[in-house]
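What follows is a single structure, written as structure tokens, with notes after it.
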Amino acid sequence: MFVCLCRKVTDHQLRDAVSEGARSWQEVRRMTGCSSQCGKCACMAESIVEEALLAH
Ligand code: FES
């Protein structure tokens, strides 16, 4: 599903970024462009990334 509508970033892309080596929400943000426009997706995107980091 799309988490970030502005930049068309999916939850899969966020998890993939963690699999590819991102170690923080800020890094995932840089890698995917997620939450770089309106910012409304930040809360949900960050929780998906935190969960992926814990599972990693
Ligand atoms: Fe992600 Fe707007 S929905 S920046």
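The values are calculated or read from the model by the stated rules, or taken from the named source; none is laboratory data. From a predicted model like this one, the values you see are computed outputs, not experimental measurements. Because the Cβ atoms are built from the backbone with ideal geometry, glycine has one as well, and the counts that use them run over all protein chains shown. Protein only, heavy atoms only, side chains kept; ligands, DNA and RNA dropped before computing areas. Shrake-Rupley method; radii C 1.70, N 1.55, O 1.52, S 1.80 Å.
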Phi to ³J(HN,Hα) by Karplus 6.51 cos²θ - 1.76 cosθ + 1.60 over the stretch 8-19, Hz, x for Gly, Pro: 6, 9, 9, 4, 4, 5, 5, 5, 4, 4, 5, 4
Calculated from DSSP H runs of 4 or more alone, at -39500 (n - 2.57) each and per residue, what is the 222 nm mean residue ellipticity of the chain, nearest 500? -16500 deg cm²/dmol
For Val9, which sequence-distant residues (separation of 5 or more, or a different chain) have an amide H within less than 5 Å of its own amide H, given hydrogens modelled in the peptide plane? Val3, Cys4
Could you check the spin-label model distance between Ser19 and His56? Points 7 Å from the Cα along Cα→Cβ, value in nm. 1.2
Accessible area expressed per residue, the chain, with surrounding protein chains retained (probe 1.4 Å, Å²): 64
Report, to the nearest 10°, how far helix 42-55 tilts away from the longest principal axis of the Cα atoms in the chain, using its own Cα long axis and a range of 0 to 90°. 10
In the chain, carbon and sulfur make up what percent of the accessible area (probe 1.4 Å)? 52
